[in-house]
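Asks: Structure incoming, see below.
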Amino acid sequence: MSQPRKRIGLLFGGRSAEHEVSKLSAANVLRALDPDRYDIIPIGIGRDGRRLLCDSGNGGGRGAKSLEIPEGSPQVALLPGGAGEMIVLNGDAGSTTLRLDAIVPVLHGPNGEDGTVQGFLELANIPYVGSGVLGSAAGMDKDVAKRLLRDSGLPVVPFLTLTPRTRVDYRRAVEALGTPDLFVKPANMGSSVGISRASSEEEFNHACERAFRYDGKLLVERSVTGAREIECSVLENAAGEIKASPLGEIVPAGSHGFYSYDAKYIDADGALLRIPAELPAGRAQRIQELAVETFKVLGCEGLARVDFFVDPTNEDSLFVNEVNTLPGFTAISMYPKLWEAGGLPQSELMEVLIGHAIARHERRNQLALA
């Protein structure tokens, strides 16, 4: 006898600058979820923060490049402690309820990937894919993540942390980091939003002003000249086993200089994705080990993509660049592509992630009742 379909809430959109990227990722996740096993309920978060019940076909059905959030959609709310019970507000027609078995958050950036939504889902007492509150918050804040990794003995690029009250000028940043070639980035943002390269005082000031438009805290990092960008996907199954994928390399087009937002999502020729990365076996294994160690140090769960820099002048020298606890699932995203290269197609990948979410939720509820 076949098992009844589980009702899965697909949460996408959000209030961050990565709203559009989330809609692209969500369309890909929708295609990967087996309709014979799952009844998918798309829930779009508008830029105003409202959660709206979207059409399951979403206009373009499973062939849509991007999911949309239609104006006038019914607003929904998960009940605190409701174990998945969700109220649907139908305007003058009153309200109805739906019960969800789990949530797949496909949200990038602040107010989605930083522990806020994860805390909300914990209070709603519903299984959800991905890291919990702590792992999400630590992974999202590049300053906090780098401090934790550095204090655990993992290699990170030297950096400074700036706020509007603790700014430094270009000369002091160069002296502290030992190079005139710097990167400036918001501490809490992804998809390369707000990142600039600076090699002069004028560029540095402009880069800081740009980054502060996205966050009240930013990082200034020493550039690793010509660094190879290596990525590794990490996956945790329902039993708590953590595995690392084959490695991939991002080779940005010379016209971009680094893997910028435009190189990722705007310019079709912005970068070459090389899978598997061309690395000696021993070095590749070391990067995979570091990826799993990084995952554990930051308290990640379920999934994460760990990004590395390899110094081209000394390929034994490598650095953990950053961790993405809800990595992109767009058609060009490395996280699912690396697992596909490892023999795990995206449909099976989603099975593992949902299985982990439900098993973790059951364990936590058992502990709460003990």
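Asks: So, in the stretch 188-211, how many residues would count as being open to solvent by 20 Å² or more (accessible area, probe 1.4 Å) and more than 21 Å from the chain's Cα centre (by Cα)?
Replies: Residues flagged as open to solvent by 20 Å² or more (accessible area, probe 1.4 Å) and more than 21 Å from the chain's Cα centre (by Cα) within the stretch 188-211 amount to 10.
Asks: Also: Would you confirm, using the coordinates I've provided, whether A271 is farther than 30 Å from H19 by Cβ and either modelled with pLDDT of 95 or more or in contact with a helix residue (DSSP H, G or I) (Cβ under 6 Å, 6 or more places away or on another chain) (or both)?
Replies: no
Asks: Something else: Answer with yes or no whether P327 is touching a residue at least 60 places away in the same chain (Cβ under 8 Å), open to solvent by less than 10 Å² (accessible area, probe 1.4 Å), outside any loop (DSSP other than H, G, I, E, B) and at negative phi.
Replies: So P327 does not fit the description; no.
Asks: So S223 clears everything in (1) buried (at least 17 other Cβ atoms within 10 Å of the Cβ); (2) within 23 Å of G109 (Cα to Cα); (3) not charged (D, E, K, R) except one condition, right? Which one?
Replies: Exception for S223: condition (2).
Asks: (1) open to solvent by less than 20 Å² (accessible area, probe 1.4 Å); (2) within 29 Å of R222 (Cα to Cα): which one isn't true of R286, the others all being true?
Replies: So R286 meets the others, but not (1).
Asks: When the residues of the stretch 76-96 are narrowed to those that are among the hydrophobic types (A, V, I, L, M, F, W, C) and in a strand (DSSP E or B), which ends up modelled with the lowest pLDDT?
Replies: The extreme case among them is L89.
Asks: Okay, moving on. Of the residues that make up the stretch 86-100, is at least one in contact with a helix residue (DSSP H, G or I) (Cβ under 7 Å, 6 or more places away or on another chain) and open to solvent by less than 60 Å² (accessible area, probe 1.4 Å)?
Replies: Taking every residue of the stretch 86-100 in turn, none turns out to be in contact with a helix residue (DSSP H, G or I) (Cβ under 7 Å, 6 or more places away or on another chain) and open to solvent by less than 60 Å² (accessible area, probe 1.4 Å).
Asks: Right, next: Hey, among the residues in the stretch 42-56 that are outside any strand (DSSP E or B) and surrounded by 12 or more Cβ atoms within 10 Å (Cβ to Cβ), which one's modelled with the lowest pLDDT?
Replies: S56
Asks: I'd like the residue in the stretch 305-324 that is part of a loop (DSSP other than H, G, I, E, B) and either open to solvent by less than 10 Å² (accessible area, probe 1.4 Å) or within 16 Å of Q288 (Cβ to Cβ) (or both) and, out of all such residues, is modelled with the highest pLDDT.
Replies: Across the stretch 305-324, the extreme among qualifying residues is D316.
Asks: Moving to a separate point now. Just to verify a result, which residue in the stretch 345-370, among those that are at pLDDT below 90 and of a type in the set (G, A, S), is least open to solvent (accessible area, probe 1.4 Å)?
Replies: It comes out as A368.
Asks: On to the next question. Within the stretch 117-134, can one find any residue that is open to solvent by less than 40 Å² (accessible area, probe 1.4 Å), within 30 Å of I8 (Cβ to Cβ) and hydroxyl-bearing (S, T, Y)? Reasoning before the result, please.
Replies: In the first step, residues of the stretch 117-134 are kept if they are open to solvent by less than 40 Å² (accessible area, probe 1.4 Å); the result is 117-119, 121, 124, 126-132.
Filter once more, keeping what is within 30 Å of I8 (Cβ to Cβ): 117-119, 121, 124, 126-132.
Subsequent filtering for residues that are hydroxyl-bearing (S, T, Y) retains 128, 131.
Yes - at least one qualifying residue is present in the stretch 117-134.
The values are calculated or read from the model by the stated rules, or taken from the named source; none is laboratory data. What you are looking at is a predicted structure, and each value in this text was computed from that prediction instead of being measured. Quick reminder, even Gly has a Cβ in these numbers, built from the backbone with ideal geometry, and neighbours come from all protein chains shown. With ligands, DNA and RNA removed, areas are computed over all heavy atoms of the protein, side chains included. Shrake-Rupley method; radii C 1.70, N 1.55, O 1.52, S 1.80 Å.
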